[in-house]
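Presented below is the structure to which this report refers.
The values are calculated or read from the model by the stated rules, or taken from the named source; none is laboratory data. Here the structure is a predicted model, which is why all the values come from computation and not from measurement. Ideal geometry is used to build each Cβ from the backbone, glycine not excepted, and the neighbour counts take in all protein chains shown. In case anyone asks, the SASA skips ligands and DNA or RNA and just uses the protein heavy atoms, side chains included. Shrake-Rupley method; radii C 1.70, N 1.55, O 1.52, S 1.80 Å.
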Amino acid sequence: MDTIAVGFWGGYFGTVLLMLAGSAFAFVRGLRRIGFNAALSALASAFFVVAFLGWLPLEDPAVRDRLLAHVATLVASLLVFMLLSMLGLLRQRGAVRRAAAVLAGLTAGVLLAGWAVPAEQALLLSVSISTAMGAAALGLAVRSALRGERLTWAAVAAVFFMLVALSGLSWSAVHDGRVHWGLHAVSALSAMGYLATIAAVLWGRFSYLIELRQVMTYGPAYDPVTRMRSHAETGQMVGAAFYRHEGEPLAVGVIALTISNLYALEKLHGRAAVNHALFVCAGRLRRFVPGWVDMGRLGDDGFLLLVRNVRDPERLIQLSRTVVARLSRPVNLDTTRDAALAADGETQWVADLGVGVLAAAHPNIRAASAVSMARAMSRTAWSYPTRIAWFDQAAGRIAELPASGVG
């Protein structure tokens, strides 16, 4: 195989590894079905590629063609079944049983017919049936997409990429791999496109289920704008963080974030632009804040971060600096609700952020007092160049956090 072709297929197997890592992440987060489907899609397609590239240790051409015929039929049936599941066509148990029975019967019939003919013809038969199954799946995906299903266009692209990769690999297998490197490039890129679009479909379901789980957990206390705890739920979060048994030392890190220019943004561009700004800021927080930090809304213009059992204040300081760095990046806001004018309505906005940092280590400090003090410090931080205020224990007053160190 040409060196360039090997490079393209190396990129494909790198994509497989990334998808397996993503499936492991989804599995760990409790979404086992999505993680299993992602891993199965990646492994099935990878095995198909390895077999059709001739990388299996098989010397006899007849044995190789027989194996490829079985691989093509079985993998195509499996991928079509998974596609039907992603399209939502197998939501009822009866539909699952019927689809499984039809695909199993078709697979068994093709394999049995293949044993009645020479190995090379069996391979051609399996590839032809697999291509027909892919074309039928493409028709189902297009029909679902035309009905208005948002994610099904990604499924349409996935089936299209699968058919292109199947055709290229089948042509290569029939000609014993003696094909131009361009065919390998097209096949590898199509295989990568298939995995990428399948990952997009599964990610859509993953994010939906994560949000659904939060809604079910918080109920009416869920904030749909920021997808965080609402004000009432944040109060309960604070109470739980400051609760301690008799004699237990108290060490809670409180980081209050306040955005000063949301009022001006609302006056200039309306409430929708404010909701967009809060949505983006909350999304950035969720992406980089560690799992050991509790988050929630704080008033109409800020957020609250709580760290339980603080032992090293440097962690709070480093986290606060990261918050300022990430949330101070520009945001492109849509200032019009008209989709036709969306490009004209984009406005670049930067959050005017203030952060207050407090390590509530005093045994008599109250939860409400700690949060109020941190929020007041965050407003004071608006006048500081670093935009971070903290309580200087040595001076006994609120001060600006130094640009480096803890001062």
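Excluding ligands, DNA and RNA, what is the solvent-accessible area per residue of the stretch 133-202 at a probe of 1.4 Å, expressed in Å²? Working shown, then result.
Numbers: 3180 Å² over 70 residues.
Roughly 45 Å² per residue, with all protein chains present.
Round to a whole number: what % of the accessible area of the chain belongs to carbon and sulfur, probe 1.4 Å?
Numbers: 12760 of 20810 Å².
The nonpolar share, carbon plus sulfur, comes to 61 percent.
Taking the solvent-accessible surface of protein heavy atoms with a 1.4 Å probe, what is the per residue accessible area of the stretch 1-46 in Å²? Please list the in-between numbers first.
Working: 2430 Å² over 46 residues.
Heavy-atom SASA per residue in the stretch 1-46 reads 53 Å².
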task: Treat each spin label as a single point 7 Å out from the Cα along the C-beta direction, and report the A200 to W171 distance in nm.
output: 2.5 nm
query: On average, how much area does the Cα convex hull of the chain cover when viewed from any direction, in nm²?
result: 26.9 nm²
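Extension gain Q393-D300, at 0.36 nm per residue separation less the Cα-Cα distance, in nm?
Separation in residues times 0.36 nm, less the Cα-Cα distance, equals 30.5 nm.
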statement: Per the C-alpha gyration tensor (a ≥ b ≥ c, the square roots of its eigenvalues), the stretch 125-195 is rounded if a/c is under 1.5, else prolate if a/b beats b/c, else oblate; here it's oblate
field: Shape call, the stretch 51-198: gyration tensor on alpha carbons, a/c limit 1.5
entry: oblate
message: In Å, what Kirkwood hydrodynamic radius results for the stretch 1-102 from the alpha-carbon pair distances?
response: 15.6 Å
